[in-house]
Amino acid sequence: MTRIIEDLRAHYETHEVPFGRSYEWHPERILFECDCGQRATVTATSPTNTRCHQCGADNGVVVHEIRRRVSQLPDETIHPWLHDAREQEEQHQRDECAYPKDSPWRYNDITSR
């Protein structure tokens with residue numbers, strides 16, 4: 001029996017920058033321990049014929065479970081930038097106050113020079 005040690009769900013991390021945001025994808029990964037004590041980490045892109053290097057146990061079922069869960073992720077998880085309009089507007093208001101009109105962070109449009 002495989003014992004799951006860590007289960008990191010797929011998600012985006014949002015990083016705010018002046019007048020913008022960047023989104024960093026973190027794929028789902030599972031760290032598990034085989035009956036023999038060997039530890040392994042798999043993701044949705046791991047081969048489905050994943051076997052323990054020590055005892056040869058088939059751990060492909062863990063990869064299949066990750067793929068199943070990833071295929072069922074809600075749209076808010078897959079495309080957070082489409083669902084955070086209120087947060088984006090609040091950030092824009094904060095940035096408008098924080099950076100004066102002549103700040104290099106504002107509307108850095110090189111065509112207007």
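When you check V70 against the structure, is it surrounded by 15 or more Cβ atoms within 10 Å (Cβ to Cβ), more than 14 Å from the chain's Cα centre (by Cα) and either on the phi < 0 side of the Ramachandran plot or among the charged types (D, E, K, R) (or both), yes or no? Lay out the reasoning, then the answer.
Working: surrounded by 15 or more Cβ atoms within 10 Å (Cβ to Cβ): yes; more than 14 Å from the chain's Cα centre (by Cα): no; either on the phi < 0 side of the Ramachandran plot or among the charged types (D, E, K, R) (or both): yes.
No: the conditions fail for V70.
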*Quick one: count up the residues across the range 1-51 that are assigned to a strand (DSSP E or B) and without any contact (Cβ under 8 Å) to a residue 12 or more places away in the chain.*
5
*Odd one out for T14 among (1) of a type in the set (V, I, T); (2) touching a strand residue (DSSP E or B) at 6+ places or on another chain (Cβ under 9 Å); (3) under 30 Å from T2 (Cβ atoms)*: (3)
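If the requirement is being surrounded by fewer than 10 Cβ atoms within 10 Å (Cβ to Cβ), out of contact with any Leu (no Cβ under 6 Å at 6 or more places or on another chain) and not small (G, A, S), which of these qualifies: C36, C52, C97?
Values: C36 fails: surrounded by fewer than 10 Cβ atoms within 10 Å (Cβ to Cβ); C52 fails: surrounded by fewer than 10 Cβ atoms within 10 Å (Cβ to Cβ).
Unique residue meeting the criteria: C97.
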*Determine, yes or no, whether L82 is of a type in the set (A, V, I, L, M, F, W, C), free of Cβ contacts under 8 Å to residues at least 12 places away in the same chain and touching an Asp or Glu at 6+ places or on another chain (Cβ under 9 Å).*
yes
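Readers should treat all values here as calculations from the given coordinates under stated rules, not as data from a laboratory. Note that this is a predicted model, so its numbers are computed, not measured. Glycine gets a Cβ as well: all are built from the backbone with ideal geometry, and neighbour counts include every protein chain shown.
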